[in-house]
Amino acid sequence: MTFTLLRSSAFIREARKNVKKYPQVAEKIEKTLELLRVDPFHPQLRTHKLKGDMKES
């Protein structure tokens, strides 16, 4: 099962800025997004349950 990632304009803008400033990061960003699309709970992503105010969202 794969998921669809919705990239906001703010995300795209920040990603472009980071890639422009640090070109070596581009491949890592793409690999991370692909891993997130395939398995959002992969241990390499270090996801966790939300706490505090964000818990109920």
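A value for semi-axes √(5λ) of the Cα gyration tensor in Å was derived from the coordinates, and within the list (1) 49, 17, 4; (2) 23, 16, 12; (3) 16, 14, 10 it appears as (2). Our coupling estimate for the stretch 28-41, obtained by passing each phi through the Karplus curve with A = 6.51, B = -1.76, C = 1.60 and θ = phi - 60°, is 5, 4, 4, 4, 5, 5, 5, 4, 5, 5, 7, 8, x, 10 Hz, Gly and Pro reported as x. Taking only protein heavy atoms and a 1.4 Å probe, the accessible area of the chain is 57% carbon and sulfur.
For an R0 of 35 angstrom, estimate the FRET efficiency from the Cβ-Cβ distance between R13 and K51 and round to the nearest 0.05.
On the way: r = 28 Å, r/R0 = 0.81.
For R0 = 35 Å, the calculated efficiency reads 0.80.
Keeping all protein chains in place, calculate the accessible area per residue for the chain (probe 1.4 angstrom), answer in Å². Result: 99 Å² per residue.
For the chain, the longest principal axis of the C-alpha atoms and the axis of helix 9-21 are separated by about 50°.
Quick one: how many lysine pairs does the chain have with C-alpha atoms less than 25 Å apart and a gap of 8 or more or different chains? Give me the count, please.
On the way: K17/K28; K17/K31; K20/K28; K20/K31; K21/K31; K28/K49; K31/K49.
For the chain, the number of qualifying lysine pairs is 7.
If packing is taken as the average count of other Cβ atoms within 10 Å, what order do 31-42, 7-18 fall into, highest mean first? Don't skip to the end; give the middle numbers.
Details: 31-42: 12.2, 7-18: 10.4.
Highest to lowest by the protection proxy: 31-42, 7-18.
The values are calculated or read from the model by the stated rules, or taken from the named source; none is laboratory data. Treat the numbers as computed from the prediction; the structure is a model and nothing was measured. As a convention, Cβ positions derive from the backbone with ideal geometry for all residues, glycine included, and neighbour counts pool all protein chains shown. These area figures cover heavy atoms from the full protein model, side chains too; ligands, DNA and RNA do not enter into them. Shrake-Rupley method; radii C 1.70, N 1.55, O 1.52, S 1.80 Å.
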